[in-house]
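Notes follow the structure.
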Amino acid sequence: MASSKSRVQRKTQANAPSHSKRKMLSAHLSSELRDRYGVRAARLCKGDTVAVVRGEEDVRGTEGKVLEVFTKTGRVSVEGVTINQADGTATVRPVHASNLIITKLNTEDQWRMDSLSKKKEAEK
């Protein structure tokens, strides 16, 4: 970011184009995945298994699959993380990507797996 002011940084992030916001949707990898791929963080994709490490006590510690990724808000919906609405129905509660740790990657996307392995090769 160019500015040191918090509000200008938030404004820049909120008004960023969608291809830039997609890059902001990344989370840290677990220590096992970090050793395997040689990368600290990766972008969140639908189907990844994540653990919630920050947030309210009822949400923290929950592990589940990513159901949906909201690039506009920078949040994801995680299986098992719900909130009760006023009428009593449970709906998905979006969690910010920075509050998650990826414990298992979705390996269906070959392009994603190639890019992770290339980063490990570049490190050597």
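Values computed for the structure shown
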read-out	value
Test: THR103 is in contact (Cβ under 8 Å) with a residue 24 or more places away in the chain, assigned to a strand (DSSP E or B), in contact with a strand residue (DSSP E or B) (Cβ under 7 Å, 6 or more places away or on another chain) and among the polar types (S, T, N, Q)	yes
Long-range neighbours under 6 Å by Cβ, at least six apart or interchain, first residue in contact (Cβ under 8 Å) with a residue 40 or more places away in the chain within segment 36-47, second surrounded by fewer than 16 Cβ atoms within 10 Å (Cβ to Cβ)	TYR37/LYS120; GLY38/LYS120; GLY38/GLU123; VAL39/LYS119
Residue match in segment 39-49 (condition: farther than 25 Å from MET113 by Cα and of a type outside the set (Lys, Arg))	no
Residues that are touching a residue at least 24 places away in the same chain (Cβ under 8 Å) and over 14 Å from GLY74 (Cα atoms), drawn from segment 5-29	HIS28, LEU29
Qualifying positions in segment 80-95 - more than 22 Å from VAL53 (Cβ to Cβ) and in a strand (DSSP E or B)	ASN84, ALA90, THR91
Some residue of segment 24-39 being exposed (fewer than 14 other Cβ atoms within 10 Å of the Cβ), among the aliphatic types (A, V, I, L, M) and farther than 11 Å from THR103 by Cα	yes
Sole residue being closer than 13 Å to SER26 by Cα, modelled with pLDDT under 95 and touching a Lys or Arg at 6+ places or on another chain (Cβ under 8 Å), chosen from VAL39, VAL81	VAL39
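The values are calculated or read from the model by the stated rules, or taken from the named source; none is laboratory data. Predicted model, so just to flag it, every value in this text is computed and none were measured. Here the Cβ is made from the backbone with ideal geometry for all residues, glycine too, and neighbour counts use every protein chain on show.
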